[in-house]
Every structure is written in structure tokens, then in C-alpha cells.
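What follows is a set of notes on a single structure, which appears directly below.
The values are calculated or read from the model by the stated rules, or taken from the named source; none is laboratory data. Small disclaimer: the values here were computed from a predicted structure and weren't measured. Cβ placement follows ideal geometry from the backbone for every residue including glycine, while neighbour counts extend to all protein chains displayed. Quick note on the areas: whole protein, heavy atoms, side chains included, nothing else; ligands and nucleic acids left out. Shrake-Rupley method; radii C 1.70, N 1.55, O 1.52, S 1.80 Å.
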Amino acid sequence: MARNYDEIKIIRLAEGLIGKTFGEINNYAVKTDEYGKGTFGHIIESDAYDYDINAISEPDFADAGIELKVTPYKMNKNNTLSAKERLVLNIINYMTEYKNEFYNSHFWYKNKKIQIIWYLYEAGRKKEDLTITHQLLYSFPEEDLKIIKDDWETIINKIKTGKAHEISEADTMYLGACTKGANSSSVRKQPFSEIMAMQRAFCLKTSYMTQLVRKHIGNYKDIEHILNKNDNSFIQFINNVIDKYKGMTQREFMKLFNIETTPKQLNKMIICRMFGVNGDLDKTDEFLKANIKPRTVRVESNGRIKESMPFPYFKFIDILNETWKNSSIRETLGTTKYIFFVFKKKKNEYVFQGIKLWNMPVKVIESNVKTMWEKTKDVISSGNIVKKINSDGSRLTNFPGMRENDVCHVRPHAINSEDTYDLPVKDKLTGLTKYTKQCFWLNNKYLEDILKEYL
DNA sequence: GCATGATCATGC
DNA sequence: GCATGATCATGC
């Protein structure tokens, strides 16, 4: 570990790295193929700061109480910036961390101040040619720290209730618990259950890091905030808003919020107004950082939810290029929290009932979702898309349907049937080389199961 | 009534 | 023009 570094010296060194490539920083002749995960950090640690690579549990600069992190960001096609990855922090010691309070936790000891060094990731470029562009000595803003503290407690509670093996990164808002280890056999003991749990580390979610990148590096537009300084917790804030509006009908909302039209997404407009947001609720600072997706759900008067719910759609080619482990749907469901706003029909009017914060349990992702994804990949790669052409011209496909999976299925999601993506393998029955855009859907029955207290 | 195909509407 | 949330339409 590095001694004799004070804050000023650390920042000076960090500033000195800006504009340099990893190749330039590295004094040793490290060959490209030796660059692996974590290697960038190691090069910075060992060369720029001249100290030994360590996996010791003190902060990297123990005297100054500063942890060093090297992390990539990327430019998107639409010219916005995003973090390329979550920022992985210390490994969670299930056997000891639960004994602590937040402010004497190992997490806080190690990460209360982080010297972040950002480099621009560019696909296809040699790793030693990637350039460091920005640095920031980061301490958590007070309003974020409240949420991070809640997140830490959520994770600790799972350990205390013997559920360390059920932790998901989507359980929490900003501070996540991501898997860490070579593979799924990297497991550890937990104190209140015999079941071995996946090794996990605290992390700042990709969504949180993306907002930090946008604020610090660029493209930051004024983003709306919903929390006030005196709000104590995210959940409490949301619950206060919900309590205020529970039981109101659509008509009452329209009057209250001066909504004059009744568009398809009326309920969505209503929930944005509830939070006093002009734009979209999911584009607010807090929702973006926590990767929370608001969704409205209509429950019919008979207690049924008629409609299934779409996820972002996929490109056929992308699915073929993925493995399950690095698939976009696994990543999305593993990191996204949903907040369902339930409207139930009573006497011909939809009445706001309340919300449910939800994320998909890891077990379900690794069973039902995996099965669906595998079948989808199989259908695409074999070119067996169309099963039958109906008399009205519509086409029945072999994509996994609702009948065969209790959780999710694949269905069209497009402007119309002419709205297509390229097929990597042409369809055997029709010879088509492109097909109507499809996406993954949550079954309406599964939604009913999630929201059963509202039916 | 359900499963599946198809489409609408908005915002960036 | 496209991504995305939301909903409609219809045949069995």
C-alpha cells in the first residue's frame, strides 16, 4: 500500500495522468495480451503512484483515506456519454460486515473518498492506446449518501435474514452488490444460513456512474431532481407522494393537473405530475442514478391485468452474438428496479391504488428468462422464425410464447409489421431476410402474481 | 377469455 | 426517425 501520500499529492499525480495513454504510463513492457481485467488499475497503481499492487483491505492510500479507482466511460451513438461499467468496490465479507453500523463499516472505511480516474473506452482500439481524460476526487454528496446508507442497510438485512444467496444488484438504488469472482463457483459462507452465497462486492451501479460521468465530463443538461434536501429516504419520499394521491380517479387527476386530453399514456402523465416533474419521471436524476423504471399497470374490475408488459426490444443479430452470461436481458433484469403504479377500474373509472417497487429475483432470471432467451436464440440461429402464415396474412412464429413460460415470452413490438430488423439467418419458410421487430414481454399472469395485493 | 399479432403516441 | 411505454384487435 502507499504511504506518505497526502491528498494534494494524490490529486497532482491524477492530474498529471490526463491526456496520457496507458501505454505511455506503463514503464514496463507489458504486452497487449497481458492486459486483463483490472490491469489498467494495476498499471496506474504500480507505475503512476509507484506502489505495490494490493488486495489489502485498507484504502489504497491509507494515510489519506483515499481509494483509487480507474474506470472507463464511452461515447454513445447519439453523442451522449455513459459509464461503461459499474464501479466495483470492496468485496463484502458476509461473516463480518453485518456486525457493523454504516459509519464503522468496512465499506465506509474503504470508500468514503475515491480518487476516480476516467479513461475513454473505444471499441476496437488497442488497450494501451486508450487515453485517460478526466479525474475527480469524489466524496458522496449528502443527498446521495442518505440513499447509499439505506442501500447498505438493505444489503446487510439480507445477510442478517440468511438471504445472502438471494441478493440482487437490483435490490438497491445507488449502491449495489454485484457478483465478483471468476465464475458461479466463487461462493462464500454466510452467517445465518447454510446455503453458500455468490461472492459479491459493493459497487456503484452503472446508472449511478453514468450520471456522474455526464455531470463531470460532459453532456450534462439540467436534469430534474425530485428529492429535497430534507427528504430522508427515497422510499419514504415516494410513499409520502403515494399516500397523498391514493384513491383518486383519473378524472380527478385530470382536473387537479389540468390535463385536457386523454391520450394512451394518460396514467403515465398522471404519475409524472404526482412527482411535480415536467418531463419524464424516468429521466429525473434520482430515477436515472438508481436505474428505476416507472410503469403504469391497469387492473380491470374483475381483478385481472389484461396486458403483458414489454421490455426494450432486441435486435436479432445482437442475440446471436451474445452468450447468456453476457446477454443484455440478463444484465438489464439484474440491475433494473421497476416501480409499478397500479390503477384499478372501479365503477368505470381507473382509481390509483398505490405502487410496488419490484425487481426480478435472480432465481427467475436464471430459470424462466434464461429458457426463453435460449429458445429465442435457437429460433433465430436456425432460421425457423415463421411457423405458419394465417389466412389474414399475419404470421405465427416459433418464438417462445406465453403457453410455455410462466414468466415471459416474445412478441412483436414495432410500428407495424413492416417495421423490421435484419435476420442473421434467413427464414426457412418465407425466405425473409428481415423480420418485424420483436421484444421480450412479461406475462400478464406473472404481473398479476407480482401485484396480487392490488387485485 | 386467452394468446398472439399488430399498432399507437410521445419525446428526444 | 427511432426508442420506448402503452394499448388495441382478432381468431381460436
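Quick notes
- Answer residue from segment A:379-394, given it is surrounded by 13 or more Cβ atoms within 10 Å (Cβ to Cβ), more than 16 Å from DNA strand C (Cβ to nearest atom) and free of Cβ contacts under 8 Å to residues at least 60 places away in the same chain and is nearest to A:GLU322 (Cα to Cα) among those: A:VAL379
- Test: A:ILE116 is under 27 Å from A:PHE192 (Cα atoms), modelled with pLDDT of 90 or more, buried (at least 17 other Cβ atoms within 10 Å of the Cβ) and aliphatic (A, V, I, L, M): no
- Subset of segment A:78-113 [under 25 Å from the mean Cα position of the chain (by Cα), open to solvent by 40 Å² or more (accessible area, probe 1.4 Å) and aliphatic (A, V, I, L, M)]: A:VAL88, A:ILE91
- Residue satisfying all of: in segment A:395-434; part of a strand (DSSP E or B) and open to solvent by less than 40 Å² (accessible area, probe 1.4 Å); nearest to DNA strand B (Cβ to nearest atom) among these: A:THR397
- Of the residues making up segment A:280-303, those that are more than 21 Å from A:TYR174 (Cβ to Cβ) and within 13 Å of DNA strand C (Cβ to nearest atom) are A:THR296, A:VAL297, A:ARG298, A:VAL299, A:GLU300.
- Search result, residues across segment A:59-77 that are part of a loop (DSSP other than H, G, I, E, B) and either open to solvent by 50 Å² or more (accessible area, probe 1.4 Å) or outside the structural domain of A:ALA14 (by TED's automatic domain parsing) (or both): A:ASP63, A:LYS77
- The set of residues in segment A:439-455 that are touching a Ser or Thr at 6+ places or on another chain (Cβ under 8 Å) and within 8 Å of DNA strand B (Cβ to nearest atom) comprises A:TRP441, A:ASN443, A:ASN444.
- Leading residue by the ranking (nearest to A:PRO141 (Cα to Cα)) among those in segment A:210-251 that are among the acidic types (Asp, Glu) and touching a helix residue (DSSP H, G or I) at 6+ places or on another chain (Cβ under 9 Å): A:ASP231
- Within segment A:435-455, being away from DNA strand C (no atom under 11 Å from the Cβ) and assigned to a strand (DSSP E or B) holds for A:TYR435, A:THR436.
- Cβ pairs under 6 Å, 6+ apart, first in segment A:409-422 and within 19 Å of A:ASP318 (Cβ to Cβ) and modelled with pLDDT of 90 or more, second near DNA strand B (Cβ under 6 Å from one of its atoms) and open to solvent by 40 Å² or more (accessible area, probe 1.4 Å): A:HIS409/A:MET402
- With respect to the conditions (1) open to solvent by 30 Å² or more (accessible area, probe 1.4 Å); (2) within 16 Å of DNA strand B (Cβ to nearest atom), A:ILE226 lacks only one, and its number is (1).
- If you check A:LEU175, A:LEU204 for being touching a strand residue (DSSP E or B) at 6+ places or on another chain (Cβ under 7 Å), hydrophobic (A, V, I, L, M, F, W, C) and closer than 30 Å to A:GLU24 by Cβ, only one passes: A:LEU204.
- Residue match in segment A:162-176 (condition: open to solvent by 80 Å² or more (accessible area, probe 1.4 Å) and more than 22 Å from the chain's Cα centre (by Cα)): no
- Any chance A:PRO361 is of a type outside the set (Val, Ile, Thr) and out of contact with any Asp or Glu (no Cβ under 8 Å at 6 or more places or on another chain): no
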